[in-house]
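K.L.:
Below you'll find the structure I mean.
The values are calculated or read from the model by the stated rules, or taken from the named source; none is laboratory data. Given the structure is predicted, the values throughout are model-derived calculations rather than measurements. We place every Cβ from the backbone using ideal geometry, glycine too, and count neighbours over all the protein chains shown. We work out accessible area using only protein heavy atoms, side chains counted, and drop any ligands, DNA or RNA first. Shrake-Rupley method; radii C 1.70, N 1.55, O 1.52, S 1.80 Å.
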Amino acid sequence: MSLAAVSASASPSSRFPLPATASRGRFLRHLLAAPPRPPPPLRRCSPYHWMAQFWTEGSLEKNSALVEYLKQYGAVRTDRVVEVMETIDRALFVPKGFTPYIDSPMPIGYNATISAPHMHGTCLELLKDHLQPGMHALDIGSGSGYLTACFAMMVGPEGRAVGIEHIPELVAACTENVERSAAAPLLKDGSLSFHVSDGRLGWPDVAPYDAIHVGAAAPEIPQPLLEQLKPGGRMVIPVGTHSQDLQVIDKNADGSTSVQNDASVRYVPLTSRSAQLQDL
């Protein structure tokens, strides 16, 4: 007899006999008392990191809980990165009306976004050895100011953290965000600063940089950024148009560079101010 015939001849109750009423009650009480299943583990081989918004089932109520979530699934691994992400509260950098502690990118206006927390953690982990006290860091496309504030906390008052954004309104907004955060003293003493400029040109005034982060996808690595990267320094930048890779560029002592792809990603494009604003 075929499987289809077996299935057709058997009633649901004969194939899956129901327990007695008392047993059903005990089963339901056990089911309701059982702890919820944890979300699936973070997979770095996911086609696009931005899809990680589906990993978080609902809002995490506190910033520390979000960091613990990222730590549990490997997006953050080291104490320095955990500490700075717990210190800089993401809620201060997310526009009102959005839930700040969901692992998802969010719009901040002017066709810009604040990256998902797992991407912030990923980039901080990739750059942490180049964000030691006293070092210089450059954040291109600083957007909300969150990651620049993290850089400033890691390099400290003896270092420099520079955020570049070509939308003046975003520079004003991110400055206000930082003023409410733990990084406010660094903004006041000048070791953390934001500037309105074309990020593709970098910021030569404080070059060379030990760490450069680019928060938008470039069709190719901008030459001025390579020139402003210090020998021994590292740049993290998404490269590509429709298909993008998060590239890690290390500059050797002789000025040559080595490039490796860390993951497939999806970022807004690194472009001119007019191009970014044309659809608004």
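K.L.:
Please give the net charge around Leu186, taking every other residue with its beta carbon less than 12 angstrom from that of Leu186, where Lys and Arg add +1 and Asp and Glu add -1.
P.N.:
Taking every other residue near Leu186 into account, the sum is -1.
K.L.:
Using each residue's phi in the range 115-130, evaluate 6.51 cos²θ - 1.76 cosθ + 1.60 at θ = phi - 60° and report the 3J(HN,Hα) Karplus result to the nearest Hz, with x for Gly and Pro.
P.N.:
5, 5, x, 5, 6, 4, x, 4, 5, 5, 5, 5, 9, 4, 6, 10
K.L.:
Would you mind giving the three semi-axes, in whole Å and largest first, of the ellipsoid equivalent to the range 91-137 according to its Cα gyration tensor?
P.N.:
That gives 25, 12, 10 Å for the three semi-axes.
K.L.:
Same structure, new question: Solvent-accessible area per residue for the range 75-149 at a 1.4 Å probe radius, Å²?
P.N.:
Here the per-residue accessible area is 33 Å².
K.L.:
While we're here: If packing is taken as the average count of other Cβ atoms within 10 Å, what order do 143-149, 121-127, 214-220 fall into, highest mean first?
P.N.:
Descending packing order for the listed peptides: 143-149, 121-127, 214-220.
K.L.:
Taking a 1.4 Å probe, which of Leu66, Leu277 shows the most accessible area, and what order do the others take after it?
P.N.:
If we order Leu66, Leu277 from most to least accessible, we get Leu277, Leu66.
K.L.:
Right, another one. Shape call for the range 198-268 from the C-alpha gyration tensor, a ≥ b ≥ c root eigenvalues: rounded (a/c under 1.5), prolate (a/b greater than b/c) or oblate?
P.N.:
Because a/c hits 1.5 or more and a/b fails to exceed b/c, the range 198-268 counts as oblate.
K.L.:
Follow-up. When we measure straight from the Cα of Lys251, which lysines land under 24 angstrom away, once same-chain ones fewer than 8 places off are left out?
P.N.:
Of all the lysines, those that pass the test against Lys251 - Cα under 24 Å, at least 8 places apart if same chain - are Lys128, Lys230.
K.L.:
Under 1.5 on a/c is rounded, so check that first for the range 145-280, then, if it is not, pick prolate when a/b is larger than b/c and oblate when it is not; a ≥ b ≥ c are the square roots of the alpha carbon gyration tensor eigenvalues. Before the final figure, lay out the partial values.
P.N.:
Details: a/c = 1.83, a/b = 1.15, b/c = 1.59.
Verdict is oblate for the range 145-280.
K.L.:
Step through the residues of the range 133-140 one at a time and calculate ³J(HN,Hα) from phi using the Karplus curve (6.51 cos²θ - 1.76 cosθ + 1.60, θ = phi - 60°), rounding each to whole Hz and writing x for Gly and Pro.
P.N.:
Listing the rounded values in order: x, x, 7, 10, 10, 10, 10, 8 Hz.
K.L.:
Please identify the trypsin sites (Lys or Arg not before Pro) of the range 176-213 that satisfy two criteria: DSSP loop assignment and at most 15 other Cβ atoms within 10 Å. Which are they?
P.N.:
The qualifying sites are Arg180.
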